[in-house]
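One structure is given here, and the rest of the page talks about it.
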Amino acid sequence: MATATATAEALILQNPTNPVNNPLYTTGSDKVWARQYKPMKNIIPRTAVSPDGVFHANFEDAFLPLLEDDSLRLRQRALPPNKRQWRLETEADCENWFNTEIVNVVLAAWHGFPMMMQSSHVKPLVAEQIPENVDFTFSVKFGGSRRAVAIGEIKRNLIAPEVWQGADLSRSGQSKLSQELRGYAHKYECPQVFCFDGKTLVLLQFRADKADDIKEENCPIDCWVIPVKGSSCSIRSKRRFSLSSLSPASKRYNQVMSQRNDNRRSVDTTATSSTLGGMPVTQVESYLVDPAYRWTTANRVG
């Protein structure tokens, strides 16, 4: 009997439905190597909380708008997770839940245009090797090598949503977590980093023009606080936004959009599965990826 399929968009807009038992055990964050990094200070909250306690995310002010490539991905066929029950007793349980209920659904839209690869517990894709490794690395291939476009770390019931939402990380537990996440973003040269603790997803975007800017205490950081329960849209859609609209609104925004429009005007064809906005998919893939980085190989400083 054939399994019913849906579009990636339909599943991404849904919340996970499998029942979860979370005993609320907690994991701390106090890694020695992370102490060299400054706690996050210049946080820009991108989530608002309504009087009824529901979290509402604003991505429009920090990401590029959805374009033809996003529409193509959202039309891809996808399957929902199998029915099962969960118990989130360990970090590994939280990681398994996130992979099964969130990542598997989101990546159905990313098997092409370009293809997104997920790696777990691997060293940075940049040349420098470090002893530490982050839990998640999402990468695309560009110019013969893979580049990280988002990285993530799993904790266990550690995130205090009201602290991140208030942009005040003076509490030691959250401050140390912010040092660890800043450190991973710097070491992996990846401005987009997230943390999931079984109850809450925090998405962070460093508004950095080069890797070393991430280390700076005053580097602006977009922050979204997304609870699994109590958000106006699904946690899957939040992950899709952070992986799809890769190029943040920055001083390069107008340059990127101008180049995109020039490329579209130069080719007079109809967008199909092999073309997007008049550009061949091979050209689109390299175009999408190159401006997606806040710094590129050609423009990297230091």
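The values are calculated or read from the model by the stated rules, or taken from the named source; none is laboratory data. All values derive from a computational prediction rather than experimental measurement. Here the Cβ positions follow ideal geometry from the backbone for every residue, glycine too, while neighbour counts run over all protein chains shown.
Kindly establish whether SER145 is in contact (Cβ under 8 Å) with a residue 60 or more places away in the chain and hydroxyl-bearing (Ser, Thr, Tyr).
Judged against the criteria, SER145 is not a match.
Each row is one residue, and each column tells you yes or no for (1) of a type in the set (Gly, Ala, Ser); (2) at pLDDT 90 or above; (3) surrounded by 13 or more Cβ atoms within 10 Å (Cβ to Cβ).
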| position | (1), (2), (3) |
| --- | --- |
| VAL32 | no, yes, no |
| GLN36 | no, yes, no |
| PRO39 | no, yes, yes |
| THR47 | no, yes, yes |
| ALA62 | yes, no, yes |
| ASP70 | no, no, yes |
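Count, please, the residues in the range 39-60 that happen to be in a loop (DSSP other than H, G, I, E, B) and more than 22 Å from ARG207 (Cβ to Cβ).
5
Which pairs do you get when a residue that is within 13 Å of SER120 (Cβ to Cβ) and at pLDDT below 95, found in the range 78-106, comes within reach of a residue that is assigned to a loop (DSSP other than H, G, I, E, B) and of a type in the set (A, V, I, L, M), reach meaning Cβ atoms under 6 angstrom, with the pair 6+ apart or on two chains?
Pairs found: none.
Looking at the range 160-179 only, could you name the residues that are hydrophobic (A, V, I, L, M, F, W, C) and more than 15 Å from THR47 (Cα to Cα)?
LEU169, LEU177 - these are the residues of the range 160-179 that are hydrophobic (A, V, I, L, M, F, W, C) and more than 15 Å from THR47 (Cα to Cα).
Could you check the range 1-26 and list, in sequence order, the residues that are over 22 Å from the mean Cα position of the chain (by Cα) and either closer than 30 Å to GLU217 by Cβ or outside any loop (DSSP other than H, G, I, E, B) (or both)?
If the condition is that a residue be over 22 Å from the mean Cα position of the chain (by Cα) and either closer than 30 Å to GLU217 by Cβ or outside any loop (DSSP other than H, G, I, E, B) (or both), then ALA6, VAL20, ASN21, THR26 are the ones that fit.
Answer yes or no as to whether SER242 is in a helix (DSSP H, G or I), touching a Phe, Trp or Tyr at 6+ places or on another chain (Cβ under 7 Å), of a type in the set (Ser, Thr, Tyr) and at pLDDT below 80.
yes
Quick check on my filter: what residues within the range 82-97 are out of contact with any helix residue (DSSP H, G or I) (no Cβ under 8 Å at 6 or more places or on another chain) and outside any loop (DSSP other than H, G, I, E, B)?
Result: GLU91, ALA92, ASP93, CYS94, GLU95, ASN96, TRP97.
Only one of (1) farther than 16 Å from THR137 by Cβ; (2) surrounded by fewer than 23 Cβ atoms within 10 Å (Cβ to Cβ) fails for LEU177. Which number is that?
(2)
Of everything in the range 149-174, what is among the aliphatic types (A, V, I, L, M) and surrounded by fewer than 20 Cβ atoms within 10 Å (Cβ to Cβ)? Give them in sequence order.
Once the filter is applied, which keeps residues that are among the aliphatic types (A, V, I, L, M) and surrounded by fewer than 20 Cβ atoms within 10 Å (Cβ to Cβ), the range 149-174 yields ALA160, VAL163, ALA167.
Residues of the range 212-225 being in a helix (DSSP H, G or I) and crowded, with 22+ Cβ neighbours inside 10 Å, which ones?
Correct list: ILE214 only.
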